[in-house]
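Here the structure comes first, spelled out in structure tokens, and everything after it is commentary.
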């Protein structure tokens with residue numbers, strides 16, 4: 001298969017925001033609901049939009065908790081975020097080889113942009129779809145379909161790359177091939193049950209899939 005288009009999730013896929021996200025949840029939940037939740041309660045829901053996550057923990061109080069989360073998250077962002085190994089080198093090479101790429105994230109644009117600017121990866125993307133751009137979010141296909149429309153992508157030549165079930169299910173709903181990254185906090189086994197088309201151990205392995213027919 002000759003893939004020409006790639007849709008990337010951001011957090012946990014390109015950017016190592018895991019510690020930032022988990023600390024932000026810990027800070028928020030301990031502040032509002034002391035002693036009730038731990039990291040283990042957060043992990044199954046990583047990848048969902050923030051308000052949906054907060055509604056799970058405190059029904060009817062999602063706006064209050066999200067405000068606390070976002071304040072802490074922005075304050076700590078640049079101290080805790082970095083790209084995963086090989087990310088920038090692979091993105092540069094894919095861009096040079098004519099691969100069209102989009103970021104499709106469930107984060108709002110403000111904090112997503114902080115991440116791609118901090119890691120200096122923004123120039124390699126032709127589309128940025130955030131939680132602000134669609135009413136429905138992954139695993140619904142709408143964000144992916146919008147990104148493909150902006151890229152002019154053929155679904156048969158498109159990959160969705162991510163670290164959560166929502167990325168895989170979103171890709172399947174959009175009728176594109178899916179790639180699960182083994183460095184996900186959920187672990188390779190936790191993603192394999194969702195039947196991604198590929199599982200990659202690092203970014204170089206993803207590059208090999210994309211460039212093997214070029």
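The values are calculated or read from the model by the stated rules, or taken from the named source; none is laboratory data. Note that this is a predicted model, so its numbers are computed, not measured. Note that we place each Cβ from the backbone using ideal geometry, even for glycine, and neighbour counts take in every protein chain shown.
Does the range 28-40 include one or more residues that are outside any helix (DSSP H, G or I) and under 22 Å from residue 184 (Cα atoms)? Checked the range 28-40: at least one residue is outside any helix (DSSP H, G or I) and under 22 Å from residue 184 (Cα atoms). Of the listed requirements (1) assigned to a helix (DSSP H, G or I); (2) within 13 Å of the chain's Cα centre (by Cα), residue 204 misses just one: (2). Among the candidates 135, 117, 75, the residue that is surrounded by fewer than 17 Cβ atoms within 10 Å (Cβ to Cβ), farther than 20 Å from residue 15 by Cα, out of contact with any helix residue (DSSP H, G or I) (no Cβ under 6 Å at 6 or more places or on another chain) and free of Cβ contacts under 8 Å to residues at least 24 places away in the same chain is uniquely 135. Among the residues of the range 185-201, the ones that are part of a loop (DSSP other than H, G, I, E, B) and surrounded by fewer than 16 Cβ atoms within 10 Å (Cβ to Cβ) come to 3 in all. Scoring residue 110 on the criteria (1) at pLDDT 95 or above; (2) surrounded by fewer than 19 Cβ atoms within 10 Å (Cβ to Cβ); (3) at negative phi leaves a single failure, condition (1). Residue 34 falls short on exactly one of the conditions (1) touching a helix residue (DSSP H, G or I) at 6+ places or on another chain (Cβ under 6 Å); (2) farther than 19 Å from residue 117 by Cα, and that condition is (1). Residues that are within 21 Å of residue 25 (Cα to Cα) and assigned to a helix (DSSP H, G or I) occur in the range 143-165; there is at least one. For the structure I just gave you, tell me whether residue 182 is under 20 Å from residue 52 (Cα atoms), surrounded by fewer than 22 Cβ atoms within 10 Å (Cβ to Cβ), touching a residue at least 12 places away in the same chain (Cβ under 8 Å) and not assigned by TED's automatic domain parsing to the domain that holds residue 42. No: the conditions fail for residue 182.
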